[in-house]
Amino acid sequence: MTMTTLDGLNDAQREAALETEGAVLVTAGAGSGKTRLLTHRIAHIVMDLGVDPYNVLAITFTNKAADEMKNRIYSLIGASDVWISTFHSMCAKILRRFGSKLGYDSNFSIYSQDESERTVKQVVKDMNHTDDSFYKKAVRRISDAKNGGITPVEYENEYFDDPDAAELAEVYARYEQVLRDNNAMDFDDLLLKTRDLFDGNPDVLAIYQRRFHYIHVDEFQDTNTIQYEIVRMLADGHGNIFVVGDEDQSIYGWRGANVSNMQHFIDDFGAKIFKLEQNYRSTENILEAANNLIKHNISRIEKRLWSNLGKGERVIAYKAKDESSEADFVVNTINKLIRNNGYRPHDFAVLMRVNALTRLLEQRFMQYDMPYKVYGGFKFFDRKEVKDIIAYLRILSNHSDDEAIVRIINFPKRGIGDGTVQALREYCYVRGLNMFEVLINVENSDLPKAQIKKLKPFGDLLASLSKYKMRSSVAELAEKVISEAGIKEAYSEDNEENTTRKLNIDDFISSVWDFDKNRGGTLEDFLQEITLYTEGDDEQRDCVFLSTAHSAKGMEFRCVFIIGVEEKLFPLARADDDKADMEEERRLMYVAMTRAKERLYLTYCSTRFMYGERKFVMPSRFFEEIDPNFGGGGSEQREASTYKRSAANFGNFGNSFKVSGITAQSTAVRRDNLAENYPVGTRVLHKKFGEGVVVGITDVGTNSYIMIDFDSVGKMTLSLAFAPITKL
């Protein structure tokens with residue numbers, strides 16, 4: 001039989017796809033087509049082997065990846081019942097159905113990271129702790145404990161060497177009780193409670209074991225201990241489990257990912273191992289550099305990526321005088337490539353180990369009118385005005401959600417102060433009631449009359465909206481909440497910030513109508529969808545992408561700059577004395593490098609302003625590992641010797657820079673601005689900063705800089721090569 005479902009796979013991919021029975025581990029290098037392998041394998045199982053799509057499961061880590069997989073499978077086999085989702089979405093769905101066995105109502109709330117942290121903060125405050133660092137430590141340790149499957153009772157023994165262990169165990173226990181009282185779970189609970197559900201209810205586990213004859217897990221190197229246990233439990237049914245991962249891209253150890261799960265999988269299941277080493281993304285030069293780096297890690301399955309895309313441009317290492325010069329190099333190079341080589345802003349990514357390095361780049365991009373986006377900023381559903389509306393909807397979905405009530409009990413302002421809220425909290429605690437129950441009938445409570453008077457309008461609003469919920473769609477309810485609560489009126493003052501907030505509210509309404517029209521479902525379905533919304537789900541625009549290396553995983557760009565490649569910064573100082581941490585830092589650099597398709601630039605400085613003072617810094621050890629000729633030399637720019645590095649003099653810093661063996665003066669990308677056309681006193685107009693007057697010209701020649709005293713922002717020095725200015 002001709003297996004058309006496997007057409008287009010290379011030999012290594014086809015061999016792995018045909019291995020359908022038993023346990024299979026595919027170690028898939030960056031850009032090696034793992035999503036293609038997964039989707040074609042599923043199509044092969046359904047179309048060629050005749051397996052009911054209902055019996056196939058595919059798990060991945062982001063909604064974006066899940067949606068891409070759904071679309072690809074649909075294009076291969078049409079509509080199907082293959083269950084494709086993230087770990088958290090799968091677990092939420094299971095818990096909605098069977099959570100009652102753990103004491104939860106099916107309409108439980110899912111607390112976002114922000115809501116979880118706020119709840120922990122309140123618990124810590126109730127314990128009379130005022131040290132902010134203790135609260136932050138509690139947040140981290142509780143999440144670590146849950147990812148490791150450690151209960152509050154077990155916590156103190158597990159962390160016996162921590163002097164705060166007893167108090168943290170109490171915070172953990174109280175936090176868990178608050179969640180339970182509010183009929184709520186946090187992100188970690190979705191995994192932990194599902195594991196507990198399966199562990200304590202073999203009949204429930206058996207339902208899913210019988211259903212899933214074939215299980216697929218993407219990004220397996222990112223699984224934590226609990227996720228691995230869930231997968232292992234499910235696979236104990238039919239034993240057909242296919243996992244794809246790359247230990248070289250395991251970069252989430254700090255949030256519980258356990259790279260050793262790949263070895264555990266081999267040992268526990270006796271898995272067959274396949275390697276995908278052909279890279280379809282990057283040129284040979286980029287892969288050579290990445291291979292040279294990652295081979296210094298010991299904890300890995302040996303593989304070496306290769307490509308048939310040609311040698312490509314040389315990898316560039318650029319040494320800047322300081323962070324300001326580093327930013328200039330990045331922006332100037334991007335401008336040059338856009339103007340001379342046909343690139344678009346969205347073809348570029350600037351990656352860094354820590355997001356604190358974005359500030360200067362943002363300033364440069366604004367100065368030269370270059371569109372950019374800082375990835376990892378506020379996601380749409382994390383904006384205050386949107387979260388306030390969501391809090392109203394959460395209350396209407398789950399009356400036990402006191403955290404949501406506290407968030408909006410005085411929004412818009414109703415004159416309900418902290419004292420009244422605390423009195424309400426204590427009243428509910430003593431009587432074993434939730435706030436919703438008390439508020440909708442507050443006039444019959446024993447609270448002081450003054451507090452009843454303040455609380456009654458809010459209680460009446462909740463009662464009215466609850467009745468409306470029974471006969472409305474999700475979108476109609478959202479509009480009713482916004483209208484009846486007067487949320488837009490809270491932003492009535494005419495200023496730019498309020499205009500933006502009102503536009504975001506309108507966008508939120510549009511998103512709810514889109515849910516009703518295209519996906520449909522209950523209020524609980526909508527709240528779950530937006531709560532499990534993951535980084536990477538929002539639309540991409542034509543702008544330069546600024547982000548940490550962590551946030552760029554799974555993405556690709558034609559040109560990548562990795563800045564701040566210095567000791568103590570990349571790798572971080574804390575990795576110096578820990579071999580495992582250093583290997584993770586190296587994997588993170590590897591991930592950043594393999595985002596690049598055509599051009600890769602690594603930059604570092606001689607000095608950098610950090611921690612309140614300017615310091616001399618050393619280039620990262622990773623340069624030496626990539627190529628010895630990169631290591632710590634004095635010239636401004638170096639290229640790997642494996643790429644026949646030119647021995648030419650690179651010129652004086654700040655006047656020129658070398659790209660792929662060609663010295664390119666900044667005049668090559670100059671606008672039509674000439675220094676002689678802008679004498680001191682000339683009035684000019686800048687696209688972003690408005691009007692100003694020229695007060696000076698410096699470095700006239702190949703690089704001319706103009707100092708302008710803007711009416712709105714004061715003096716700024718801009719490069720004439722790129723500044724979007726015109727004479728008035």
Quick count over the stretch 238-266, residues being open to solvent by 40 Å² or more (accessible area, probe 1.4 Å) and either out of contact with any helix residue (DSSP H, G or I) (no Cβ under 9 Å at 6 or more places or on another chain) or more than 22 Å from LEU190 (Cα to Cα) (or both), is 4
Flagged in the stretch 189-200 as in contact with a strand residue (DSSP E or B) (Cβ under 9 Å, 6 or more places away or on another chain) and either aromatic (Phe, Trp, Tyr) or open to solvent by 10 Å² or more (accessible area, probe 1.4 Å) (or both), in numbering order, are LEU192, LYS193
Condition set at pLDDT below 80, of a type in the set (A, V, I, L, M) and in a strand (DSSP E or B), scope the stretch 677-713, selection most open to solvent (accessible area, probe 1.4 Å): answer is MET707
message = touching a strand residue (DSSP E or B) at 6+ places or on another chain (Cβ under 6 Å), among the small types (Gly, Ala, Ser) and over 25 Å from ARG595 (Cα atoms): is that true of ALA235 in this structure?
response = yes
With criteria (1) open to solvent by 20 Å² or more (accessible area, probe 1.4 Å); (2) within 30 Å of LEU439 (Cβ to Cβ); (3) among the basic types (Lys, Arg), ARG394 comes up short on (1)
Subset of the stretch 457-513, residues closer than 19 Å to ILE416 by Cα, open to solvent by 20 Å² or more (accessible area, probe 1.4 Å), of a type in the set (Gly, Ala, Ser) and modelled with pLDDT of 90 or more, comes to ALA463
Heads up, the helices (runs of 4 or more DSSP H) in the stretch 387-490 (entirely inside) with at least 1 residues that are under 23 Å from ILE530 (Cβ atoms) and touching a Lys or Arg at 6+ places or on another chain (Cβ under 7 Å) are 402-408, 449-469, 474-485
Within the stretch 267-290, the residues that are open to solvent by 40 Å² or more (accessible area, probe 1.4 Å) and of a type outside the set (Val, Ile, Thr) are ASP267, ASP268, PHE269, GLY270, LYS272, LYS275, GLU277, TYR280, GLU284, GLU288
Restricted to the stretch 167-200 and to residues being assigned to a helix (DSSP H, G or I) and of a type in the set (Gly, Ala, Ser), the residue farthest from VAL124 (Cα to Cα) is GLY200
#### Entry: Residue within the stretch 370-383 that is over 30 Å from ALA490 (Cα atoms) and open to solvent by less than 30 Å² (accessible area, probe 1.4 Å) present
yes
Selection from the stretch 305-331 of residues of a type outside the set (Phe, Trp, Tyr), part of a helix (DSSP H, G or I) and under 28 Å from the mean Cα position of the chain (by Cα) yields GLU323, SER324, GLU326, ALA327, ASP328, VAL330, VAL331
Condition set at pLDDT below 90 and hydrophobic (A, V, I, L, M, F, W, C), scope the stretch 230-264, selection farthest from THR60 (Cα to Cα): answer is TRP254
Every listed condition ((1) touching a strand residue (DSSP E or B) at 6+ places or on another chain (Cβ under 7 Å); (2) within 22 Å of SER325 (Cα to Cα); (3) open to solvent by less than 20 Å² (accessible area, probe 1.4 Å)) holds for ALA552 save (2)
Taking the stretch 561-589 and keeping only residues that are farther than 25 Å from ALA66 by Cβ, in contact with a helix residue (DSSP H, G or I) (Cβ under 7 Å, 6 or more places away or on another chain) and not in a loop (DSSP other than H, G, I, E, B), one is left with PHE561, ILE562, LEU572, ARG574, ALA575, ASP581, MET582, GLU584, GLU585, ARG586, MET589
Selection over the stretch 201-237 where residues are in a helix (DSSP H, G or I), open to solvent by less than 30 Å² (accessible area, probe 1.4 Å), of a type outside the set (Val, Ile, Thr) and under 23 Å from ARG41 (Cβ atoms) yields a count of 9
Residue count, the stretch 267-301, condition over 19 Å from PHE622 (Cα atoms) and either in contact with a helix residue (DSSP H, G or I) (Cβ under 8 Å, 6 or more places away or on another chain) or assigned to a loop (DSSP other than H, G, I, E, B) (or both), comes to 16
For the stretch 337-358, pairs from a residue that is aromatic (Phe, Trp, Tyr) to a residue that is open to solvent by less than 30 Å² (accessible area, probe 1.4 Å), with Cβ under 7 Å and 6 or more apart or across chains, are TYR343/LEU337; TYR343/CYS559; PHE348/ILE334; PHE348/VAL544; PHE348/PHE545; PHE348/PHE557; PHE348/CYS559
From the option list LEU305, LEU293, LEU361, single residue qualifying as modelled with pLDDT under 90 and crowded, with 19+ Cβ neighbours inside 10 Å is LEU361
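The values are calculated or read from the model by the stated rules, or taken from the named source; none is laboratory data. Note that the coordinates shown come from a computational prediction; the quantities given were computed from them, not determined experimentally. Here the Cβ is made from the backbone with ideal geometry for all residues, glycine too, and neighbour counts use every protein chain on show. Ligands, DNA and RNA are stripped out before the accessible areas are found, and what is left, the full protein with its side chains, is counted by its heavy atoms. Shrake-Rupley method; radii C 1.70, N 1.55, O 1.52, S 1.80 Å.
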